[in-house]
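A quick write-up on the structure given underneath.
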Amino acid sequence: MNGDPIDALITGLGLPADYRDTVEKYWQPLATAIARRATHTSPLVVGINGAQGSGKSTLCAFLEVLLKKRGLRTVTLSIDDLYLKREERQALANEIHPLFATRGVPGTHAPGLGISIIESICAGRTFALPRFDKATDDRMDEAQPVSGPVDVLLFEGWCVGCTPQADEELLEPVNDLERNEDPEGVWRAVANLWLRGDYKKLFDQIDMLVMLKVDGFDAVIANRRKQEEKLRASRPDAPGVMDDAALARFCQHYERLTLHMLEDLPHRADMVFEIGPNQTPKGPAKGL
């Protein structure tokens, strides 16, 4: 049995053996950069931004191992696990706009929960990491208890670090979903309002922002399809599993802000990794 935790993780995640080259070339230097900024006196919050299927969860898994080797206790929080429960999103859909029933855009998370978790980490208190089950499209009742201290919090998610758009950018729909189901722009305007408020407070907790930058929205759809195929294979009867038509509509909920972040975040992130079609980095990273 191989005792190397990196090799064990590569095997456990079903990655090719040559993924170690990616770890050595990209994730090791990133772990070193994080370790240089981390202290044992105050937790470092590292935001990991990336579109669906860009490899955020995989990166965080390797960073946890690499930072542990450097004597840093690391915990990962996904913004997906902050999604409101399905009944809560349905209440938003009834009160504000029907599109808020679908998880994704700002307004469908509980940013206050994320802030409370970060506050607990900074205070060295025991806290609980929530878990969202995409197969059932609902937050799980059970949470994972974690006791302090924590040196590094990896806060990953598709819209982590996202800034609001200018009001005039909201006027024209970007796809058929917005054109046909949000013709007055209410849904996108309210989501943008949340970005200016509670989400800004949450993202202001980030000390260091890393972006996994895909080539464009076509790559997002392709990567998200791979995720759904894995989910369908493992839990074919789960109610939250989508067919191709449902997936295409689902992705349109993310398109506006994904395009916005692809333009905006590379100028603001501390480090940017260009992600190729094989969901691994390509070329030199900005900031390393």
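The values are calculated or read from the model by the stated rules, or taken from the named source; none is laboratory data. Values in this document were obtained by computation on a predicted structure and should not be read as measured data. Here the Cβ positions follow ideal geometry from the backbone for every residue, glycine too, while neighbour counts run over all protein chains shown.
Scoring G148 on the criteria (1) on the phi > 0 side of the Ramachandran plot; (2) modelled with pLDDT under 95 leaves a single failure, condition (1). Taking (1) at pLDDT below 95; (2) closer than 30 Å to Q252 by Cβ in turn, A91 satisfies each apart from (1).
Across the range 85-110, the number of residues qualifying as buried (at least 20 other Cβ atoms within 10 Å of the Cβ) and not in a loop (DSSP other than H, G, I, E, B) comes to 4. For the range 161-171, filtered to residues that are assigned to a loop (DSSP other than H, G, I, E, B) and of a type in the set (A, V, I, L, M, F, W, C), the residue that is nearest to D270 (Cα to Cα) is C162. Residues in the range 111-144 that are touching a residue at least 40 places away in the same chain (Cβ under 8 Å) and not in a helix (DSSP H, G or I): L129, P130, R131, F132, D133, K134, A135, T136, D137, D138, R139.
Those helices (runs of 4 or more DSSP H) of the range 3-68 in which 2 or more residues are within 19 Å of the chain's Cα centre (by Cα), touching a residue at least 24 places away in the same chain (Cβ under 8 Å) and farther than 23 Å from P277 by Cα occupy 28-37. Looking at this structure, is V210 of a type in the set (V, I, T), under 22 Å from P98 (Cβ atoms) and at pLDDT 95 or above? In short, no.
Applying a threshold of 6 Å to beta carbon distances and a minimum spacing of six or more residues, or different chains, the list of pairs starting in the range 250-274 at a residue that is β-branched (V, I, T) and ending at one that is surrounded by fewer than 17 Cβ atoms within 10 Å (Cβ to Cβ) and not in a strand (DSSP E or B) reads V272/P266.
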